[in-house]
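Undergrad: Have a look at this one before I ask anything.
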Amino acid sequence: MIDEIFFTLTEYKRNYEKIKNDFVNAYEDNDEDEFISLQTEWYQKCLETAKIDRGFAGDTIGWFPKSLLNGDGVIWKVYEKIRKENGEIDRMVAQNLCISFGKILKFLKTRETEAISEKDIKTTAAQWALYYYFLQENKIMPPFHEKTSEIKALAKEYKIGWKNFEMKYNAINNSRGLEGYSNKDIQAVLILLKNDYPSLIPQFEKMVFHST
């Protein structure tokens with residue numbers, strides 16, 4: 001992951017979830033916070049290579065990456081991108097890359113803020129009930145066999161009232177997902193799915209928005 005470079009914000013956004021999930025799934029202690037931190041460090045280095053200034057490199061005077069002139073080295077994939085065939089720096093390409101890397105860094109800052117706010121969400125019994133109902137319907141998780149005991153165990157884990165959890169689950173299950181939750185619950189479950197099963201989001205949206 002650390003060696004991969006996307007040169008536009010559009011390209012980066014399109015690949016963000018995949019490279020994040022690849023990183024998170026590679027090691028049990030990896031998470032999105034660590035991913036964002038490493039990506040921010042990486043794209044800051046890319047930006048420093050794309051910034052150019054006039055100065056000496058060896059015995060040559062001309063336009064060079066600021067990081068090279070400062071002795072900090074360069075990211076070679078970026079350096080190759082801003083060099084013309086004759087070896088000179090393409091100042092327009094360098095300027096465009098500075099803009100793109102800057103936007104990618106802003107996007108990462110936004111994701112960092114969103115990740116923090118998502119962690120602060122206190123998920124309710126109705127939201128966990130909708131989440132489990134949907135995963136069970138899609139055979140991602142097995143149905144409850146000893147429903148009350150399993151719900152009690154989950155309620156203890158999530159620090160919610162098990163009776164409320166069971167009541168909400170029954171309402172959703174008995175109506176086959178057509179009632180028992182609010183639009184606020186839908187948004188909270190979307191966050192859970194985005195973190196756990198992002199590929200299922202279209203199916204979930206089809207189910208809930210068709211029924212509300």
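Undergrad: Inspect the range 99-110 for any residue being at pLDDT below 75 and surrounded by 12 or more Cβ atoms within 10 Å (Cβ to Cβ) and give the result as yes or no.
TA: Within the range 99-110 (the criterion being at pLDDT below 75 and surrounded by 12 or more Cβ atoms within 10 Å (Cβ to Cβ)), the answer is no, since none of the residues qualifies.
Undergrad: Would you confirm, using the coordinates I've provided, whether residue 155 is in contact with a helix residue (DSSP H, G or I) (Cβ under 6 Å, 6 or more places away or on another chain) and surrounded by 15 or more Cβ atoms within 10 Å (Cβ to Cβ)?
TA: yes
Undergrad: Further question: Condition first: at pLDDT 80 or above, farther than 21 Å from residue 3 by Cα, part of a loop (DSSP other than H, G, I, E, B) and in contact with a helix residue (DSSP H, G or I) (Cβ under 7 Å, 6 or more places away or on another chain). Can you find one or more residues in the range 30-46 that meet it?
TA: Within the range 30-46, not a single residue is at pLDDT 80 or above, farther than 21 Å from residue 3 by Cα, part of a loop (DSSP other than H, G, I, E, B) and in contact with a helix residue (DSSP H, G or I) (Cβ under 7 Å, 6 or more places away or on another chain).
Undergrad: Also, I was wondering about something else. Does residue 199 satisfy the criteria of being among the small types (Gly, Ala, Ser) and closer than 22 Å to residue 35 by Cα?
TA: Against the criterion (among the small types (Gly, Ala, Ser) and closer than 22 Å to residue 35 by Cα), residue 199 qualifies.
Undergrad: State which residue is farthest from residue 203 (Cα to Cα) when the search covers only the range 141-185 and only residues that are modelled with pLDDT of 90 or more and aliphatic (A, V, I, L, M).
TA: Looking at the filtered set, the residue picked out is 153.
Rundown of residues vs (1) charged (D, E, K, R); (2) in the same structural domain as residue 20 (by TED's automatic domain parsing); (3) over 30 Å from residue 8 (Cα atoms), yes/no style:
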position: 135; (1), (2), (3): no, no, yes
position: 138; (1), (2), (3): no, no, yes
position: 147; (1), (2), (3): yes, no, yes
position: 151; (1), (2), (3): no, no, yes
position: 157; (1), (2), (3): yes, no, yes
position: 175; (1), (2), (3): no, no, yes
position: 196; (1), (2), (3): yes, no, no
position: 200; (1), (2), (3): no, no, no
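Undergrad: Sticking with this structure for a sec: Go through 166, 179 for me and flag whichever is crowded, with 19+ Cβ neighbours inside 10 Å, out of contact with any Phe, Trp or Tyr (no Cβ under 9 Å at 6 or more places or on another chain) and of a type in the set (D, E, K, R).
TA: None of the others qualify; the one that does is 166.
Undergrad: Residues in the range 89-98 that are surrounded by fewer than 18 Cβ atoms within 10 Å (Cβ to Cβ) and either under 16 Å from the mean Cα position of the chain (by Cα) or of a type outside the set (A, V, I, L, M) (or both): how many?
TA: Adding up the residues that qualify gives 4.
Undergrad: Can you pull out every residue in the range 1-29 that is in contact (Cβ under 8 Å) with a residue 24 or more places away in the chain, assigned to a helix (DSSP H, G or I), over 19 Å from residue 197 (Cα atoms) and not hydroxyl-bearing (Ser, Thr, Tyr)?
TA: The one that is in contact (Cβ under 8 Å) with a residue 24 or more places away in the chain, assigned to a helix (DSSP H, G or I), over 19 Å from residue 197 (Cα atoms) and not hydroxyl-bearing (Ser, Thr, Tyr): 9.
Undergrad: Scan the range 163-174 and report the pairs whose first residue is in contact (Cβ under 8 Å) with a residue 40 or more places away in the chain and under 18 Å from residue 145 (Cβ atoms) and whose second residue is polar (S, T, N, Q) and surrounded by fewer than 20 Cβ atoms within 10 Å (Cβ to Cβ), with Cβ atoms within less than 9 Å and a gap of 6+ or a chain change.
TA: 173/136
The values are calculated or read from the model by the stated rules, or taken from the named source; none is laboratory data. Just so it is clear, the model here is predicted, and its values are computed rather than measured. FYI the Cβ positions are ideal-geometry reconstructions off the backbone, even for glycines, and counts take in every protein chain you see.
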